[in-house]
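In what follows, a structure is listed as structure tokens, so that the remarks can point back to it.
The values are calculated or read from the model by the stated rules, or taken from the named source; none is laboratory data. From a predicted model like this one, the values you see are computed outputs, not experimental measurements. These accessible areas exclude ligands, DNA and RNA; they are computed on the full protein's heavy atoms, side chains included. Shrake-Rupley method; radii C 1.70, N 1.55, O 1.52, S 1.80 Å.
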Amino acid sequence: QVQLVESGGGLVQAGGSLRLSCAASGDIGSIKSMGWYRQTPGKQRELVAVASSGGSTNYADSVKGRFTIPRNSAKNTVYLQMNSLKPEDTAVYYCRLDLLFRYYWGQGTQVTVSS
């Protein structure tokens, strides 16, 4: 069993910051990557940022320069530091854990940015 526990969502004004966290536990084995996706009603889930076990990171163009994805490998935890938030960042944010042959989603956490 693998569990992903997310925290840190909430309501913030435009221009503000939030930090999400996602902790993985259980029968994890080798991690390929951990990342964050987001989804709004009627739209497909989209990649926000991903950090590979090798240290590389990848960001959606819409968040480059504003979001970072720090990771604590020893604790199997990934964060999403979100700065200069915009109303269009409003979404449910999901953590994703990629192992060698399978992947897991977190339960999702709501982020709402008011204008």
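Take the residues of the range 13-57 that are among the basic types (Lys, Arg) and part of a strand (DSSP E or B): which is least open to solvent (accessible area, probe 1.4 Å)? Only one residue fits best here, namely Arg38. Among residues of the range 1-12 being open to solvent by 70 Å² or more (accessible area, probe 1.4 Å) and not aliphatic (A, V, I, L, M), the one that is modelled with the lowest pLDDT is Gln1.
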